[in-house]
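The values are calculated or read from the model by the stated rules, or taken from the named source; none is laboratory data. None of these values were measured; they are calculated from a predicted model. Cβ placement follows ideal geometry from the backbone for every residue including glycine, while neighbour counts extend to all protein chains displayed.
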Amino acid sequence: MPRKIILDVDTGSDDACAIMLAWLHPEIQLEAVCTVKGNQPLKYTTENTLRIRELLHADFPVYRGCAHGLVSDLVYPRIPVTKNADAVDEHGNVLHIHKELFDLPEATGKCEEMPAPMFYVDYLSKAEEPVTVVMVGPLTNLAVALLIKPEIAEKIEEIVIMGGGHNITNVTLAAEFNIYDDPESALRVLHCGAKITMVPLDATHTAYISKKESDQLREISTPEANFAADLIDLRIMVHDQVQPLEVKGSCALHDPLCIAYLIDPEVLQNVSLCNVEVSLSGITYGQTIVDQRYMQKERNVYYAFRGDHERFAKILVDAFRH
Ligand code: RIB
Ligand code: CA
């Protein structure tokens, strides 16, 4: 029986690969995609999502979500992003790992009328069986839905979050982007009571995707496989220059690892039930703080400290061979 999921995205390059993997894989039933501001402003993350839907000739509904974090863009003492150095191509042009708009035809399809937070409340309230929610952008949409109706958490089988970092960060010395962009929402979701599995940078950087996989995708040579290969090659160029992984010529393809986990849980390694909190102040603003001690306090998150490259790579490429 395919696993029913709602996928929440801030469509950029790795979100696009997560949408494609979820749509193409027979063990996943993609019930809906919700968009949020994150990698780019909401209008771009939503348009990019619609363009991917049309690239796939898919028909999943798209719900437009929150254009801002709960308070994060209002918080004055917020520590500024310490941007990575710029990666450049052979002509010296700056490379952007998440372009404003994908080089795909403008979408003709539209989003649903209902805003994403209301979709969560409506869909989960009516759900006859619990559903899995996969969050691969800032967690604003679900946090707002939980503010409106906290009991929807009882209808969530598992929340899989791409976010956080224990030994690895990517937007400040302490924080990972999805959490940093709206840490107040992240903290609210982390304590909503549903089962939570966190797929942090520690896992996505070890479950790397390399040039070998993008070459295999080009051999498949469908439009979606070629587009995924283009996205991966771009990410490899950027990672090699500004955040190299264990293996040169590889990239962290964060978001689809959350989908791969639902297909084969063994893609996540060193998973430990921890107490995970989020710093909301000072130089650690947006940091996920992972306490592995066995203690009285609630342990709320299954935290993956590593990922498996071989398993992830096989799931990803095989899905495009559909
Ligand atoms: O830190 C990586 C995460 O931030 C990924 O989900 C990427 O798409 C961005 O949203
Ligand atoms: Ca994302």
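For the range 1-23, taking the residues that are part of a helix (DSSP H, G or I) and touching a Lys or Arg at 6+ places or on another chain (Cβ under 9 Å), the one that is farthest from ligand 1 (Cβ to nearest atom) is identified as TRP23.
Each row is one residue, and each column tells you yes or no for (1) of a type in the set (Lys, Arg); (2) over 25 Å from LEU139 (Cα atoms).
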| position | (1), (2) |
| --- | --- |
| VAL242 | no, yes |
| LEU245 | no, yes |
| SER272 | no, no |
| SER281 | no, no |
| TYR294 | no, yes |
| ARG311 | yes, yes |
| ILE315 | no, yes |
| PHE320 | no, yes |
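Among the residues making up the range 1-16, those that are surrounded by 24 or more Cβ atoms within 10 Å (Cβ to Cβ) and more than 10 Å from ligand 2 (Cβ to nearest atom) are ILE6, LEU7. Filtering PRO80, PRO105 for residues that are part of a loop (DSSP other than H, G, I, E, B) and more than 27 Å from GLU176 (Cβ to Cβ) leaves a single hit, PRO105.
How many residues does the range 35-58 hold that are surrounded by fewer than 24 Cβ atoms within 10 Å (Cβ to Cβ) and over 14 Å from the mean Cα position of the chain (by Cα)? Matching residues across the range 35-58 total 13. Of all residues in the range 247-301, those satisfying the criterion of being surrounded by 19 or more Cβ atoms within 10 Å (Cβ to Cβ), among the hydroxyl-bearing types (Ser, Thr, Tyr) and either within 15 Å of ligand 1 (Cβ to nearest atom) or assigned to a strand (DSSP E or B) (or both) are SER250, TYR261, THR288. Which members of the range 24-34 meet the condition of being surrounded by fewer than 24 Cβ atoms within 10 Å (Cβ to Cβ), in a strand (DSSP E or B) and in contact (Cβ under 8 Å) with a residue 60 or more places away in the chain? ILE28, GLU31, ALA32 - these are the residues of the range 24-34 that are surrounded by fewer than 24 Cβ atoms within 10 Å (Cβ to Cβ), in a strand (DSSP E or B) and in contact (Cβ under 8 Å) with a residue 60 or more places away in the chain.
Regarding the range 48-68, can at least one residue be identified that is farther than 21 Å from LYS99 by Cβ, at pLDDT below 95 and assigned to a loop (DSSP other than H, G, I, E, B)? So far as the range 48-68 goes, no, none of its residues is farther than 21 Å from LYS99 by Cβ, at pLDDT below 95 and assigned to a loop (DSSP other than H, G, I, E, B). Condition check: over 21 Å from the mean Cα position of the chain (by Cα) and closer than 27 Å to PHE312 by Cβ. Does MET20 satisfy that? When the stated conditions are applied, MET20 does not pass them. For the range 233-289, filtered to residues that are within 16 Å of ligand 2 (Cβ to nearest atom) and among the small types (Gly, Ala, Ser), the residue that is nearest to ALA18 (Cα to Cα) is ALA260. One residue is enough: does the range 179-189 have a residue meeting the conditions more than 16 Å from ligand 2 (Cβ to nearest atom), modelled with pLDDT of 95 or more and in contact with a Pro (Cβ under 9 Å, 6 or more places away or on another chain)? No - not one qualifying residue is present in the range 179-189. Tell me, yes or no, whether the range 105-125 has at least one residue that is more than 20 Å from ALA22 (Cα to Cα), within 16 Å of ligand 1 (Cβ to nearest atom) and at pLDDT 95 or above. No, the range 105-125 contains no residue that is more than 20 Å from ALA22 (Cα to Cα), within 16 Å of ligand 1 (Cβ to nearest atom) and at pLDDT 95 or above. Taken over the range 40-82, residues that are closer than 23 Å to TYR123 by Cβ, polar (S, T, N, Q) and in contact with an Asp or Glu (Cβ under 6 Å, 6 or more places away or on another chain) amount to 1.
Does GLU129 satisfy the condition of being surrounded by 10 or more Cβ atoms within 10 Å (Cβ to Cβ) and over 25 Å from GLY164 (Cα atoms)?
On the way: surrounded by 10 or more Cβ atoms within 10 Å (Cβ to Cβ): no; over 25 Å from GLY164 (Cα atoms): yes.
Spelling it out, it is not the case that GLU129 is surrounded by 10 or more Cβ atoms within 10 Å (Cβ to Cβ) and over 25 Å from GLY164 (Cα atoms).
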